[in-house]
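The values are calculated or read from the model by the stated rules, or taken from the named source; none is laboratory data. These numbers were taken from a predicted model, which means no experiment stands behind them. Quick reminder, even Gly has a Cβ in these numbers, built from the backbone with ideal geometry, and neighbours come from all protein chains shown.
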């Protein structure tokens, strides 16, 4: 049977990551996501395979249908046409009660059981590098039905044991997460710039499930500090569809999240004007995308 799917022939590595992550979302779910590439991935899912997914962000907006590119978790653009704009305490209270099916976050470090570090590299409190901190990461990882993780892959980031436990994964493996009384189901997938990782249902240890095009399993294993398990049927990551790429480029025309646009935002002489240009030019695009969905 011939497939009608049209795959893109021209796409970036970040677009591949975002498209791969978009396929992890399911229709009718409630999703708690962060800003940047995670939100781009969630929006791609909503415009393709999961049109009835409800997206919530840390600033309190639930189910928004914005007509501007989302550049912050708490600016007015993200509240546009939302089902609700809640105080942060209320949103996290609902999340801690298990009302969110899936969450998507990033990390500076991850270990073989999916525990995450976004606090301190090199030990604590006398760390070598202080990172951003938990934000909502601990709450999300502790309580959502399943956790998705999106991050760059380097040997120093994929470690035997995280330097600081910011967000719990499967703790010590096996049933240790359940014994700790954590509500959520734990990590489901880790998507990096090299491949897709999942977790053994018994040991809860991470394994390589798919390699991105052009990469071999041995190359990916070299970029991990622990003894990475490899699936017997390890596959090649599915390429983005042309529709996914078109949507990503419509959502992020300046490459703010999936390209090099952040350099312009950081320029003190151009930053504000560039930001306003983003908001102005994204309106028509976002209006078109949501109108196709009847929103």
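Output the residue which, of all residues in segment 105-117 that are buried (at least 23 other Cβ atoms within 10 Å of the Cβ) and part of a loop (DSSP other than H, G, I, E, B), is nearest to the chain's Cα centre (by Cα).
Taking the candidates together, the pick is 107.
Report yes if some residue within segment 161-179 is farther than 30 Å from residue 126 by Cα and assigned to a loop (DSSP other than H, G, I, E, B); otherwise report no.
Applying the first criterion (farther than 30 Å from residue 126 by Cα) to segment 161-179 yields 174-175, 178-179.
Remaining after also requiring assigned to a loop (DSSP other than H, G, I, E, B): 174-175.
Yes, there is a match, as at least one residue in segment 161-179 is farther than 30 Å from residue 126 by Cα and assigned to a loop (DSSP other than H, G, I, E, B).
Could you say which residue among 172, 101 is touching a residue at least 12 places away in the same chain (Cβ under 8 Å), closer than 25 Å to residue 201 by Cα and under 20 Å from the mean Cα position of the chain (by Cα)?
Selected residue: 101, the only one of 172, 101 that is touching a residue at least 12 places away in the same chain (Cβ under 8 Å), closer than 25 Å to residue 201 by Cα and under 20 Å from the mean Cα position of the chain (by Cα).
Cβ-Cβ under 9 Å, sequence separation 6+ or interchain: first residue in segment 72-94 and in contact (Cβ under 8 Å) with a residue 40 or more places away in the chain, partner loosely packed, with under 13 Cβ neighbours inside 10 Å and part of a loop (DSSP other than H, G, I, E, B). Which pairs?
81/295
Quickly run through segment 195-207 and pick out the residues that are within 22 Å of the chain's Cα centre (by Cα), free of Cβ contacts under 8 Å to residues at least 60 places away in the same chain and surrounded by fewer than 22 Cβ atoms within 10 Å (Cβ to Cβ).
Passing the criteria: 198, 200, 201, 207.
Please pick out the residue among 41, 45, 31 that is assigned to a strand (DSSP E or B), touching a helix residue (DSSP H, G or I) at 6+ places or on another chain (Cβ under 7 Å) and closer than 30 Å to residue 170 by Cβ. Show your work before the answer.
Details: 41 fails: assigned to a strand (DSSP E or B); 45 fails: assigned to a strand (DSSP E or B).
Every option except 31 fails the conditions.
Any chance you could count how many residues in segment 70-104 are within 24 Å of residue 149 (Cβ to Cβ), surrounded by fewer than 23 Cβ atoms within 10 Å (Cβ to Cβ) and in contact with a helix residue (DSSP H, G or I) (Cβ under 8 Å, 6 or more places away or on another chain)?
So the count comes out to 6.
Given the conditions (1) under 17 Å from the mean Cα position of the chain (by Cα); (2) over 22 Å from residue 152 (Cβ atoms); (3) without any contact (Cβ under 8 Å) to a residue 40 or more places away in the chain, and given that residue 56 satisfies all but one, which numbered condition is not satisfied?
(3)
I'm checking my understanding of the structure. Among residues of segment 247-286 that are more than 18 Å from residue 72 (Cα to Cα) and surrounded by 15 or more Cβ atoms within 10 Å (Cβ to Cβ), which one is modelled with the lowest pLDDT?
Result: 285.
Within the bounds of segment 91-102, is there any residue that is outside any loop (DSSP other than H, G, I, E, B) and farther than 22 Å from residue 25 by Cβ? Even if it seems obvious, please write down each step before you answer.
Our first condition is that a residue be outside any loop (DSSP other than H, G, I, E, B); within segment 91-102, this holds for 91-96, 102.
Adding the requirement that they be farther than 22 Å from residue 25 by Cβ leaves 93.
The answer is yes, given that some residue of segment 91-102 is outside any loop (DSSP other than H, G, I, E, B) and farther than 22 Å from residue 25 by Cβ.
Quick test of your reading of the structure: residue 140 fulfils all but one of (1) buried (at least 22 other Cβ atoms within 10 Å of the Cβ); (2) in contact (Cβ under 8 Å) with a residue 60 or more places away in the chain; (3) under 23 Å from residue 203 (Cβ atoms). Name the failing condition by number.
It is condition (3) that residue 140 fails.
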